[in-house]
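**Student:** Below: one structure in structure tokens.
The values are calculated or read from the model by the stated rules, or taken from the named source; none is laboratory data. A quick note: this is a predicted structure, and the numbers were derived from the prediction, not measured. Please note: Cβ atoms are built from the backbone with ideal geometry, for glycine as well, and neighbour counts cover all protein chains shown.
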Amino acid sequence: MNAILWTAYGPPEVLQPGELPTPLPKPHQVRIRVHATAVTFSDCLARGLAVPRAYAFVGRLLLGWRRPTRRRVLGIVFSGEIDRVGARVRSFREGQPVFGLDPFGSGCYAEYKCMRETGALAPKPECLTHREAAAIPYGGLLALGFLRRGGIETRRKVAIYGAAGAVGSSAVQLARHFGAEVTGLCSGRNVELVKSLGADRVIDYTAQDFTALPDRYDLIFAAITTRYHPPSSEQCRNVLAPGGAYVSVVQRMPRLTQEMMTLLRELVVAGTLKPVIDRTYALSQMAEAHRYVETVRKRGIVAIDVP
């Protein structure tokens, strides 16, 4: 099968087109013919081991010391069609369109991908193309997981910092679904986009410091990494309402489940959750796609078509 091989730890150029044997599903796995994937910021961090030294040490132990010999292909999100099922699979069938995320298995920068039927996997909504479906799981699952950690079900006023990114754009829509009054914080060029996602109020954080304003929030979600310099929990203390919560994507990752994927699918079908795609590249343009994601100017997801 065609794949983008992860040949070394380093810049985007370490991602090179190549070929690998087509994988066979284990008894509890399905094999997916991938039609679309996406470049996430998590992929970029993994590619270059751009993490604190202690995590990089562990990463080299797990993946390969000098180069990633134990995991040849990156990519954690996909949309495609099941073309083969393991002997003990009961929940899915051959020929069924699906979409999902495999945070620890990766392997989606390729024509075929195997994963357990109990993973973060769900039938693809018929209303979405494969490209659009691949734009949902990463931002949607992370946003849902962190919002739940912050108690979104009982929060009335919510602020989303980084509201135009992959996670933030989903968080705005999901917070509205849970009945919250949403303030989106983004750069000036993204204000109209965040408004279109349903934010009740949008603040340009390059022009105004929201922590100096009189508003108080029941939940503040920093939906972008420290590379974008979001305010810390300490800096947000003055704008948190009594009993309010602060959550950030740099905290421990929430568990991503099939139940969460099912909910995202239901919200897509209902028209409550919509994909945000910044650009689309071909699989052969993976290095270029990674370079664009690292400019930190993207909105939503950068999608990849897999021929």
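**Student:** Report yes if Ala223 is in contact with a helix residue (DSSP H, G or I) (Cβ under 8 Å, 6 or more places away or on another chain), without any contact (Cβ under 8 Å) to a residue 40 or more places away in the chain and not assigned by TED's automatic domain parsing to the domain that holds Leu45, otherwise no.
**Tutor:** For Ala223, the condition - in contact with a helix residue (DSSP H, G or I) (Cβ under 8 Å, 6 or more places away or on another chain), without any contact (Cβ under 8 Å) to a residue 40 or more places away in the chain and not assigned by TED's automatic domain parsing to the domain that holds Leu45 - is not met.
**Student:** Here's a check for you: in segment 40-65, which residue that is in a helix (DSSP H, G or I) and small (Gly, Ala, Ser) is surrounded by the most Cβ atoms within 10 Å (Cβ to Cβ)?
**Tutor:** By that ranking, first place goes to Ala46.
**Student:** From the list Val293, Val269, Val276, which one is surrounded by fewer than 16 Cβ atoms within 10 Å (Cβ to Cβ) and hydrophobic (A, V, I, L, M, F, W, C)? I'd like the intermediate steps shown before the answer.
**Tutor:** On the way: Val293 fails: surrounded by fewer than 16 Cβ atoms within 10 Å (Cβ to Cβ); Val276 fails: surrounded by fewer than 16 Cβ atoms within 10 Å (Cβ to Cβ).
So the residue among Val293, Val269, Val276 that is surrounded by fewer than 16 Cβ atoms within 10 Å (Cβ to Cβ) and hydrophobic (A, V, I, L, M, F, W, C) is Val269.
**Student:** Name every residue in segment 257-291 that is part of a helix (DSSP H, G or I) and free of Cβ contacts under 8 Å to residues at least 24 places away in the same chain, in order of residue number.
**Tutor:** Residues satisfying the conditions are Glu259, Glu266, Gln285.
**Student:** Same structure again: Any residue in segment 214-226 that is surrounded by 15 or more Cβ atoms within 10 Å (Cβ to Cβ) and over 21 Å from Arg156 (Cα atoms)?
**Tutor:** Yes.
**Student:** Yes or no: Ser187 free of Cβ contacts under 8 Å to residues at least 60 places away in the same chain, small (Gly, Ala, Ser) and closer than 25 Å to Pro254 by Cα?
**Tutor:** Values: free of Cβ contacts under 8 Å to residues at least 60 places away in the same chain: yes; small (Gly, Ala, Ser): yes; closer than 25 Å to Pro254 by Cα: no.
The answer is no for Ser187.
**Student:** Being surrounded by 17 or more Cβ atoms within 10 Å (Cβ to Cβ) and part of a helix (DSSP H, G or I): is that true of Ala175 here?
**Tutor:** Judged against the criteria, Ala175 is a match.
**Student:** Arg255: surrounded by fewer than 22 Cβ atoms within 10 Å (Cβ to Cβ), within 21 Å of Leu45 (Cα to Cα) and over 15 Å from the mean Cα position of the chain (by Cα), yes or no?
**Tutor:** When the stated conditions are applied, Arg255 does not pass them.
**Student:** Same structure again: Can you tell me which residues in segment 100-110 are part of a strand (DSSP E or B) and farther than 24 Å from Pro17 by Cβ?
**Tutor:** The answer is Gly100, and nothing else.
**Student:** Just one of the numbered conditions (1) polar (S, T, N, Q); (2) assigned to a loop (DSSP other than H, G, I, E, B); (3) within 22 Å of the chain's Cα centre (by Cα) is not true of Thr37; which one?
**Tutor:** Failing condition for Thr37: (2).
**Student:** With the requirement that a residue be out of contact with any Lys or Arg (no Cβ under 9 Å at 6 or more places or on another chain), under 12 Å from Pro275 (Cα atoms) and of a type in the set (Gly, Ala, Ser), what does segment 136-167 give you?
**Tutor:** Of everything in segment 136-167, those that are out of contact with any Lys or Arg (no Cβ under 9 Å at 6 or more places or on another chain), under 12 Å from Pro275 (Cα atoms) and of a type in the set (Gly, Ala, Ser) turn out to be Gly139, Gly140.
**Student:** If you don't mind, another one. Taking the criterion of being touching a helix residue (DSSP H, G or I) at 6+ places or on another chain (Cβ under 6 Å), closer than 16 Å to Ala120 by Cα and not small (Gly, Ala, Ser), would at least one residue in segment 32-47 satisfy it?
**Tutor:** Yes; the residues of segment 32-47 include at least one that is touching a helix residue (DSSP H, G or I) at 6+ places or on another chain (Cβ under 6 Å), closer than 16 Å to Ala120 by Cα and not small (Gly, Ala, Ser).
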